[in-house]
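Please read the structure below before turning to the comments.
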Amino acid sequence: MWPPDPEPDPDREPAGRSQPRAALPGFRSLLPARAFLCSLKGRLLLAETGLSFITFVCYVASSASAFLTAPLLEFLLALCFLFADAMQLNDKWQGLCWPMMDFLRCVTAALIYFAISITAVAKYSDGASKAAGVFGFFATIVFAIDFYLIFNDVAKFLKQGDSADETAADKAEEENSGSDSD
């Protein structure tokens, strides 16, 4: 169940039942933090992963099996980014441009899903192909929302950097112009 039930009181142990063993700490460290899963980015990555997997399964069962590679790759990429964001690897590996990689992943996924979904719905007549196309359209929307939010975050960051550079340049210009008027 989600959210997990609170820990029971050790004093209120029922008679005849032993306390269940806690989960191994090694496995718990691989699970994403609940705070991340409840965040907007965590929910988007979970939706991208889930929709990509469902679309992949639908393409496997359909006559449009030529399209199953794209959802499989997007599923694996979304899973990798979910793991990387949950484990905060973007803070640990500063050499990679994480926002740009995530932005390009989302843009290409949205475009590819849109193209193969139109083709699957229009060209193939079996139900699994139609279902894959519909889930592909939903995945297109989720990936488009994700790249829109990433683009806004990057634009805000760049705008803040430009405004800081402009204020420093304005101060330097005022100091230089004040000394020239003497």
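Only residues in the range 95-109 that are assigned to a loop (DSSP other than H, G, I, E, B) count as the first member; pair them with residues that are among the hydrophobic types (A, V, I, L, M, F, W, C), Cβ under 8 angstrom, at least 6 apart or cross-chain, and list the lot.
Filtered contacts from the range 95-109: no entries.
Mind telling me which of the residues Ile150, Ile112 ends up being open to solvent by 60 Å² or more (accessible area, probe 1.4 Å) and touching a residue at least 40 places away in the same chain (Cβ under 8 Å)? So that I can check it myself, show each step before the final result.
Working: Ile150 fails: open to solvent by 60 Å² or more (accessible area, probe 1.4 Å).
None of the others qualify; the one that does is Ile112.
Collect the residues in the range 51-83 that are over 21 Å from Asn152 (Cα atoms) and either among the small types (Gly, Ala, Ser) or outside any helix (DSSP H, G or I) (or both), keeping them in residue-number order. Give the steps one after another, and end with the answer.
First pass over the range 51-83, keeping only residues over 21 Å from Asn152 (Cα atoms): 51-77, 79-80, 83.
Selection gives Ser52, Ala61, Ser62, Ser63, Ala64, Ser65, Ala66, Leu68, Ala70.
Taking only the range 93-109 into account, find how many residues are farther than 19 Å from Leu79 by Cβ and buried (at least 16 other Cβ atoms within 10 Å of the Cβ).
To start, the set of residues in the range 93-109 that are farther than 19 Å from Leu79 by Cβ comprises 94-95, 97, 100.
Among the residues that remain, those that are also buried (at least 16 other Cβ atoms within 10 Å of the Cβ) are: none.
Total meeting the criteria: 0.
The values are calculated or read from the model by the stated rules, or taken from the named source; none is laboratory data. Remember, it's a predicted structure, so these values are computed and weren't measured experimentally. Virtual Cβ from ideal backbone geometry, glycine too; neighbours counted across all protein chains shown. Side chains included, ligands, DNA and RNA excluded: accessible areas come from the protein's heavy atoms. Shrake-Rupley method; radii C 1.70, N 1.55, O 1.52, S 1.80 Å.
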